[in-house]
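Accompanying notes for the structure given below.
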Amino acid sequence: MEPPEDADGRSFVEVISEKYSPENFPYRRGPGMGVVVVPTIGLQGSPMKDRLNLPSVLVLNSCGISRAGDQAEIAAFCAHVMELDLSHNKLQDWHEISKIVSNIPNLEFLNLSSNPLAGMTLEPQCAEAFSRVRRLVLNNTQVSWDTVLLLTREITELEELFLCLNEYTCVSASSVACPTLRLLHITDNSLQDWAEVRKFGSLFPGLDTLIMANNNLASIQDSKDILQRLFPNLRSINLHNSGLNRWEDIEKLNFFPKLEEVRLQGIPLLQPYTNAERRSLMIARLPSVSLLNGSVVTNSEREDSERFFIRYYVDYPEEELPYRYHSLVTKYGKLEPLAEIDLRPRYHAQVEVHCEEKVEQLSIRLDQTVAELKKQLTTVVQLSANSMRLYYIDKCSAFGPEELKYNTRALHSYSIQDGDEILVVPKNK
C-alpha cells in the first residue's frame with residue numbers, strides 16, 4: 001500500500017512516527033538490530049515520546065519524504081541509529097538532508113539513491129553534517145561532481161562511495177585527496193576516456209576496489225610507472241561491458257602492483273572467442289590475478305591456461321607474438337599442438353553376423369539394447385528373438401565369445417567396434 005502524501009511530500013519525523021509506532025513495529029529485546037525504546041526523561045512536549053520505538057537500522061525508502069521535520073524529535077529518537085536508507089524519496093534540498101543527518105550522531109551508512117538532487121547546491125556548512133558517514137550511496141541522484149568533491153573533503157573517514165547512474169562524462173581533480181576511501185562504485189556512467197579514470201588515483205590514493213562496469217571505457221592509456229604511482233593499493237577492478245578492444249589494455253592490468261581480482265566480461269576484444277578461450281587467454285596474460293570474473297584461478301587451471309596460450313600462438317608470425325608468449329615458452333618450452341581426438345560416443349558399428357554357415361555384413365545401432373538387436377536380426381537369420389542366443393566376438397581380444405544375455409543392456413557398454421562379430425546360435429542346439 002502506498003503511503004499517503006501531501007502535495008509537498010512528507011517529513012522524516014512524520015514517517016518514522018508512523019512506521020515505527022508500536023502498532024506497526026512491535027517491541028523486541030536483543031542486541032544489534034533490536035528495537036530501542038527511547039527514554040522519556042527530559043523530553044517533554046512531544047506526543048510521540050512515550051510510544052515510538054526505532055531500530056538502529058532505519059529503512060525509509062519510497063516514503064515520499066521531502067523534508068526533515070522537527071530536529072529536536074530527530075535528535076531524541078535517532079541518537080542510536082547507525083544506518084539510514086532514504087532512497088527513492090523526494091529529497092531535493094541538501095539543507096533538509098543535513099538537518100536529518102546532523103541530528104543522527106552515530107550515522108555510518110547513508111543511502112540517498114534516486115532522490116532528485118540534480119542541480120542542487122550543497123553549502124560547505126551543510127556538508128559538515130555528513131562528516132561521520134563512512135559509507136555514502138548517491139546512485140541515480142545526478143548529484144554534481146563538485147558536490148561529490150565537497151563531500152569527500154568533509155567526510156574525513158569515508159570508506160565507500162557509490163555514484164552509479166549519474167550521467168558523468170568527465171570528472172574534475174581536487175587538490176584535497178580522500179585517503180580513507182577503499183571502494184568506489186561508479187558503474188553505468190559515461191566515462192569513456194582513461195584521462196578521467198586517472199583522476200581517481202590522485203583523489204583516492206588508498207583505493208582498494210574500483211567498480212566501473214558499463215562505462216564504455218575505450219582503453220587504458222597510462223604507462224607502467226604512472227599506473228603504479230596512481231593506484232598503489234588497487235586490489236580489485238571491474239570493467240564489465242567496457243569498450244576495451246586490444247590485448248595491450250588487458251596486459252596493462254599487470255602494472256597495478258597489488259591487483260588480484262579482475263572482472264572483464266562483455267568487452268569487444270573477447271567477442272570472437274569461445275568462453276573457454278576467453279578465460280584461458282586472460283589467465284595466461286594476468287599472472288598475478290587470482291580471481292577472474294568471480295571464479296578462483298587454481299594452480300592447475302593457470303598451468304593449463306598458460307600451456308594453451310603457447311599452443312594457441314605457436315603458428316603466429318614472430319612479429320605478431322604477444323610479449324607473454326616468450327616468457328611462457330621460457331617456462332614450459334615450445335609446445336606442439338595437441339592431437340585432435342574425437343571423444344564423442346559412437347552410434348553405429350559395422351559388424352559381421354554369423355549364424356551357422358551364413359555370414360552377413362550389418363550396421364547396428366550401439367544405443368539400442370540386446371533385445372532390440374535380437375529383433376533386428378530376426379529377418380537376417382530367420383529366427384525369432386526368443387529362439388536365439390547372441391555372442392559378441394571382439395576381433396582384438398584374446399578372450400572367447402561373450403554372451404549377450406542381458407536383454408536390457410545397451411550395446412555400447414560392450415565397446416563394440418567396426419569389424420567385430422556377432423554370433424547367433426539357435427537355442428535348440
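The values are calculated or read from the model by the stated rules, or taken from the named source; none is laboratory data. Note that the structure is predicted; figures quoted are calculated from it, not measured. Backbone-built Cβ (ideal geometry, glycine too); neighbour counts: all protein chains shown. Surface accessibility is based on the protein's heavy atoms, side chains included, excluding ligands, DNA and RNA. Shrake-Rupley method; radii C 1.70, N 1.55, O 1.52, S 1.80 Å.
Worth pointing out:
- Arg132 passes every criterion in (1) assigned to a loop (DSSP other than H, G, I, E, B); (2) open to solvent by less than 10 Å² (accessible area, probe 1.4 Å); (3) closer than 25 Å to Arg67 by Cβ apart from (2).
- Residues in segment 210-229 that are more than 14 Å from Gln192 (Cα to Cα) and open to solvent by less than 20 Å² (accessible area, probe 1.4 Å): Leu210, Asp222, Leu227.
- For segment 44-77, taking the residues that are among the charged types (D, E, K, R) and not in a loop (DSSP other than H, G, I, E, B), the one that is modelled with the highest pLDDT is identified as Arg67.
- The one condition from (1) in contact with a Gly (Cβ under 9 Å, 6 or more places away or on another chain); (2) farther than 26 Å from Asn241 by Cα that Arg263 does not meet is (2).
- Set Arg285, Arg278, Arg311: member being modelled with pLDDT under 95 and surrounded by 11 or more Cβ atoms within 10 Å (Cβ to Cβ): Arg311
- Taken as a whole, the structure places Thr147 among residues that are closer than 17 Å to Asn166 by Cα, among the hydroxyl-bearing types (Ser, Thr, Tyr), modelled with pLDDT of 95 or more and in contact with a helix residue (DSSP H, G or I) (Cβ under 9 Å, 6 or more places away or on another chain).
- Taking segment 239-268 as the range and being over 17 Å from Asp222 (Cβ atoms) and open to solvent by 20 Å² or more (accessible area, probe 1.4 Å) as the test, the residues that pass are His240, Asn241, Asn245, Glu260, Glu261, Arg263, Gln265, Gly266, Pro268.
- Residues that are over 25 Å from Gly64 (Cβ atoms), in contact with a strand residue (DSSP E or B) (Cβ under 7 Å, 6 or more places away or on another chain), of a type outside the set (S, T, N, Q) and in a loop (DSSP other than H, G, I, E, B) occur in segment 163-181; there is at least one.
- Filter result for Thr408 (among the polar types (S, T, N, Q) and either open to solvent by 50 Å² or more (accessible area, probe 1.4 Å) or more than 54 Å from the chain's Cα centre (by Cα) (or both)): yes
- No other residue among Arg278, Arg263 is without any contact (Cβ under 8 Å) to a residue 24 or more places away in the chain and not polar (S, T, N, Q) apart from Arg278.
- Residue that is farthest from the chain's Cα centre (by Cα) [pool: residues in segment 379-395 that are surrounded by 14 or more Cβ atoms within 10 Å (Cβ to Cβ) and under 17 Å from Val351 (Cα atoms)]: Val381
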